[in-house]
Structures are given as C-alpha cells and as structure tokens.
C-alpha cells in the first residue's frame with residue numbers, strides 16, 4: 001500500500017485506478033486511486049496541465065462531452081459505480097461549479113436557481129419552487145442581496161454574486177458532492193474571501209472537491225489535499241500534514257515554489 | 001565583479017554615445033523637413049476618401065429619391081387593400097389624368113403567404129443543420145455539408161425556380177402554385193440561415209452549455225432551452241435577413257407561381273407576389289405609375305426588416 005495516499009473510511013467517493021487519455025496514448029490522468037472524505041473539503045492542487053481539471057470532470061462525467069477521450073478504471077459514489085448511473089442522475093448527485101460564473105443569460109435569478117428542475121422538465125408547484133429558491137439563496141448568503149430583484153436577469157450581479165448564484169443553482173438539487181473547478185480564480189479578493197467562507201459553511205452538509213491553482217487557498221480552507229503532477233497523484237494527505245511535512249520531494253518542490 | 005571605477009567609465013561612454021547619435025538623428029530630420037508636404041498628402045488622402053464615399057452612397061440616395069418622387073402619389077388606402085386594376089381601368093385613369101385605381105393587395109398577400117410557408121419549411125431545417133455544423137466542427141461529414149451549403153448559396157435563383165417547377169409544379173401540385181414558389185424561396189433561405197446559425201452558436205460561451213450539462217440536462221434540452229434562447233438575437237437576425245433577401249426574388253416566382261389577379265390563400269393555386277406584379281406593371285404601358293409605387297413599397301418593406309434585424313442584434317449583443 002502506498003503510504004503517500006491517505007486512507008479514508010466510509011468515503012463518499014472512491015476513485016479506483018482511474019486513467020484518462022486524450023487520443024490514443026496521451027494520458028492526462030494516470031492510475032489515480034483515492035477516496036474522498038465525507039463532509040469535508042478536499043483540494044486538488046498541481047501545476048497547470050497536471051490533470052487536476054480532467055480528474056474533476058471525470059467525477060461527474062463532464063469530460064465525456066468532448067470527443068476522443070478514453071477512460072479506464074472506476075469511480076464509486078456511495079459504493080455505487082457512476083458508470084451504472086445515467087449522466088442525468090449522476091450530475092444531480094454530483095454538482096459542479098465552474099471557473100467563471102456562468103448563470104444562464106436568458107433567465108432571471110429565480111429561474112437560474114431552479115434551472116436544474118425546470119430544464120429537466122420537473123413540474124413543481126409554485127410554493128415548492130419558492131422554497132427551493134429561498135433556501136438555496138439563503139445557503140449561499142445571497143438572499144438579502146437579491147430578494148428585491150429575483151425576477152431580474154443575473155447579469156447585473158457582481159462576479160462574486162454571480163458565482164454564489166451558480167453555487168445556489170447547484171445546491172438546489174441537494175447533491176452529495178460538489179465539484180469546484182477553480183471557483184475563485186476569476187474573482188477579486190473580497191469575493192474570494194466570501195466564497196471561501198461559504199465553502200467552509202457548506203461542508204457541514206456537502207462533500208466538496210476543490211480544484212485550485214492557489215496553494216494558500218488550499219491551505220486556508222481544505223481538510224485534505226491531493227497533489228497531482230503530470231497526471232499522477234503524487235501525494236494525498238491531511239492538508240496540514242502535507243503543508244508542514246510533505247512526504248514526496250515533488251510535493252515539497254511545488255509547495256516551496258520550486259516549480260508550478 | 002566590476003570595479004566601481006570601470007562601471008562609471010562604461011556609463012559615461014554609453015551616455016556620450018547615445019547623446020551623439022541622437023544629435024545625428026535630429027539633424028537628419030531637420031534636413032528633410034517636409035512636414036508641410038506630408039500634411040498635404042494626408043489631406044489629399046482624406047479628401048479622396050470622402051469623394052469616393054459620397055460617390056458610393058449617391059446611387060442609394062438617388063434610388064430613394066426616384067422611388068419617392070414617382071411612387072408616392074399612388075400610395076393610398078386602396079393601394080394596400082385593393083387588387084390590381086385591369087388594363088381598361090388603368091387606361092381610363094391615365095387618359096383622364098387621375099391616379100390609377102386599385103392596388104397590390106393580391107401581391108402583398110401572396111408575398112406574405114409564400115414567405116410564411118417558405119419560413120415554415122426553411123427555418124426548422126436550417127436551424128437544425130446549423131446546430132449540427134456547430135456541434136461537429138472539424139468532422140468530415142459536417143465539412144461536406146458546409147461546402148454544399150456554400151455551393152447552394154451560389155446557385156442562381158432562376159435555377160432554383162426551374163428545380164421547384166420540376167419538383168413541385170409538375171410533380172406535386174400539377175400546376176403553378178404558391179407552394180412551388182415557397183419551396184424555391186425556402187431553398188434560397190437555407191444557406192443563409194444555416195451559416196448565421198452556426199456563427200451565432202460559435203459566439204455563445206461554451207461555459208453556458210457546460211452549465212446545462214452539469215445540471216444533468218439532457219442534450220436535446222440543452223440545445224432547445226439553453227443554447228437557442230441564448231443565441232436568440234443572432235438566430236432572429238439571420239432569419240430576418242434571409243427573409244428580406246428572398247422578398248424581392250422575381251425569377252423563381254415567375255417559373256413557379258405565375259401570378260394571379262385575385263387575392264389567394266390556397267397554396268396549391270397560382271398566386272401573385274409584389275415583385276411579380278412589378279414585372280407585370282412594367283409590361284403594361286398604362287400601369288407605369290404602379291411600378292414605382294410597388295417598388296417603393298417593396299423597398300420600404302425590406303428596409304424595415306433590415307432595420308428590425310439590426311435593432312434586435314444590437315439590443316441583445
């Protein structure tokens with residue numbers, strides 16, 4: 001057993017020997033095995049091109065949108081293989097927040113929050129919709145800021161507010177896992193701080209996997225951290241442990257700024 | 001390591017040298033002091049551009065002036081709501097120095113009918129093809145379709161009229177019909193909407209599509225409920241421009257719908273259209289005034305559509 005990989009009991013998500021290649025033999029992710037802790041923030045760090053986004057997108061099978069991608073291995077969500085579920089069902093259990101805020105431009109704030117339901121054709125009563133919108137917006141701390149403009153388009157919101165709206169849209173489904181692909185890299189420091197506080201609050205109810213380019217962000221808010229390099233999972237440990245006492249020389253090199 | 005003395009020397013020589021070469025350059029510029037000539041050249045260029053620009057737009061202004069001057073007097077209530085007069089009525093009116101009675105109601109209704117039917121045929125098909133091309137960038141089959149679309153755009157409209165004549169007039173309606181005209185116009189609209197759809201889709205950030213996918217929305221719903229509404233203005237602009245493009249088509253209609261002296265809403269019967277009427281009026285020496293007013297109407301109609309298209313694309317961009 002690899003002592004550089006953290007062992008976790010009762011994980012929410014298990015990645016088992018996962019390899020992803022573009023084309024025939026260009027591997028973006030190589031033989032990655034890792035368990036993800038429930039109700040915690042797990043950060044995935046690494047220099048650009050190390051495969052961290054590809055790994056994240058494999059978890060809700062978003063990478064299948066693009067052609068010529070081959071996936072080997074297994075990912076289990078609560079002991080159930082994600083490849084046995086329809087993508088529709090899977091992506092309701094594993095939500096995703098993107099690098100740039102991407103609210104639907106044609107929809108109002110209210111419609112954006114329940115977009116996951118309305119676009120899937122779920123018929124909800126007005127009262128049910130109101131409840132979902134209210135609780136989701138409360139969870140992301142946006143309700144007070146937008147309660148008078150729920151029927152306006154999301155464009156007038158600031159970048160940070162838009163990103164929180166996107167998180168609310170994901171929370172509307174009450175997913176088990178939320179994937180975040182550098183959610184603050186397009187935001188100013190104040191909005192970033194707000195989102196980070198939000199993530200720490202959210203981990204009481206959700207398991208969060210956070211891809212980040214920003215080492216200090218990982219150090220600030222994550223419980224566990226993975227370090228990826230050239231498609232390999234080099235080291236996976238409790239964040240504090242990894243930052244104070246990395247086991248692998250490559251992790252140390254990255255954390256001390258020798259490369260990346 | 002350099003000694004401080006050495007680096008001082010180096011700096012000094014560098015400074016002196018730079019200073020010298022700057023003086024030299026200054027002298028060169030002074031020698032060729034032709035700023036006056038350069039300014040004149042610039043003015044000459046500007047003047048030429050203004051003259052050529054004026055020349056370019058003058059035909060448009062002249063056309064508008066000509067149509068207004070000759071066509072405006074025929075524009076009245078009857079012009080929009082009555083069918084075209086017969087030769088005798090027109091001749092009598094011209095002889096008495098009155099304005100020609102009747103109007104182009106049969107043409108307006110026929111044009112609207114055919115444009116609506118052509119749109120019903122062309123819009124869904126070309127939107128789907130446009131989306132297909134966008135979704136399959138770089139694939140062989142899509143490139144083939146794109147190439148064929150370009151070729152279709154280059155086919156002369158009269159040829160499309162001939163094809164519609166063989167397919168629809170001879171094959172389906174067994175006689176001249178609005179349907180045949182609509183098919184010819186629809187084929188003309190296809191390449192225009194296909195390309196504008198593809199271009200519009202390319203403008204929509206991919207993140208919007210991913211947002212839909214990440215919510216577990218099935219592919220067809222992402223297209224219908226996310227992509228098409230997001231690109232609505234672009235799609236609408238393309239559709240309106242393609243309609244305004246076929247509104248004035250005459251040749252394919254001559255071969256397919258023939259024309260009609262009455263208002264007709266039956267798509268398997270011969271039908272009139274504004275451009276067809278212009279041609280008919282032109283061939284009748286007593287109805288020359290109606291040529292101008294019909295042309296004025298057609299141009300105003302096309303211009304309005306173009307302006308609306310531009311407004312829509314500006315409002316949403």
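Looking at chain B as a GNM with Cα springs under 10 Å, which of B:84, B:213, B:273 has the largest mean-square fluctuation? Per the Cα network of chain B with a 10 Å cutoff, B:213 tops the list. Note on residue A:186 and residue A:84: the extension gain reaches 33.2 nm, defined as 0.36 nm multiplied by sequence separation minus the Cα-Cα distance. Report note on the peptides A:76-84, B:105-113, A:135-143: ranked by the mean count of other C-beta atoms within 10 Å, highest first, their order is B:105-113, A:135-143, A:76-84. Between 0 and 90 degrees, the angle of helix B:35-71 with respect to the longest Cα principal axis of chain B falls at about 10 degrees. Size estimate for the range A:13-255 follows the Kirkwood approach: the inverse of mean 1/r over distinct Cα pairs works out to 18.5 Å. Across peptide A:89-95, the mean count of Cβ atoms from other chains lying within 10 Å of each residue's own Cβ comes to 2. Across chain B, C-alpha contacts under 8 Å between residues 6 or more apart give a mean separation that, scaled by the residue count, equals a relative contact order of 24 percent. May I ask for the Rg/Rh ratio of chain B, computed from Cα atoms with Rh as the Kirkwood radius, given to two decimals? Using only Cα positions, Rg/Rh for chain B is 1.26.
Once the Cβ-Cβ distance of residue A:39 and residue B:82 is raised to the sixth power relative to R0 = 51 Å, the FRET efficiency obtained is 0.05. Counting, for every residue in B:205-213, the Cβ atoms of other protein chains within 10 Å of its Cβ and taking the mean gives 6. From the square roots a ≥ b ≥ c of the eigenvalues of the alpha-carbon gyration tensor of the range B:246-307, which class results: rounded (a/c under 1.5), prolate (a/b over b/c), or oblate? Judged from the Cα gyration tensor, the range B:246-307 comes out oblate (a/c at least 1.5, b/c at or above a/b). One quarter of the convex hull surface built on the alpha carbon atoms of the protein assembly as shown amounts to 44.4 nm², the projected area averaged over directions. At an R0 of 60 angstrom, the distance between the Cβ atoms of residue B:199 and residue A:240 translates into a FRET efficiency of 0.70. With respect to chain B, whose longest principal axis is taken over its alpha-carbon atoms, helix B:288-316 is tilted by about 40°. Contact order, relative form, for the range A:13-255: 29 percent (alpha carbon pairs under 8 Å, 6 or more residues apart, mean separation divided by residue count). Between residue B:53 and residue A:125, the simple label model (points 7 Å from Cα in the Cβ direction) yields a spacing of 6.5 nm.
Reported to the nearest whole Å, the Cα centre-to-centre distance from the range B:199-257 to the range A:171-245 is 39.
Per-residue shielding of A:115-126, expressed as the average number of other chain Cβ atoms within 10 Å of the residue Cβ, stands at 3.
Which distance in Å, rounded to a whole number, links the C-alpha centroids of the range B:81-117 and the range B:268-296? The two parts, judged by their Cα centres, are 8 Å apart. Taking the average, over residues, of other Cβ atoms within 10 Å as the packing measure, peptides B:182-189, A:5-12, B:194-201, A:122-129 rank B:182-189, B:194-201, A:5-12, A:122-129 from highest down.
Here the contact order of the range B:209-303, divided by its residue count and restricted to Cα pairs under 8 Å and six or more residues apart, works out to 18 percent. Between the helical axis of A:159-171 and the longest alpha-carbon principal axis of chain A there is an angle of about 90 degrees. Calculated mean residue ellipticity, 222 nm, chain A: -9500 deg cm²/dmol, from DSSP H runs (n ≥ 4) at -39500 (n - 2.57) each, averaged per residue and rounded to 500. At 37 °C and 0.692 mPa s, what whole-number value in µm²/s does Stokes-Einstein give for the translational diffusion of the range B:104-189, with Rh from the Kirkwood sum over Cα pairs? D, rounded to a whole number, is 232 µm²/s. For the range A:13-255, the antiparallel share of DSSP beta bridges with both residues in that region comes to about 60%. Three semi-axes describe the equivalent ellipsoid of the range B:165-308; taken as square roots of 5 times the Cα gyration tensor eigenvalues and ordered largest first, they are 39, 19, 10 Å. Averaging 1/r over every pair of different alpha carbons in the range A:103-202 and inverting the result gives a Kirkwood radius of 13.7 Å.
Values quoted throughout were computed directly from the atomic coordinates according to the rules given, and no laboratory measurement underlies them. Owing to the predicted nature of the structure, the values given are computational and were not obtained by experimental measurement. With ideal geometry, Cβ positions are generated from the backbone for all residues, glycine too; neighbour counts draw on all protein chains shown.
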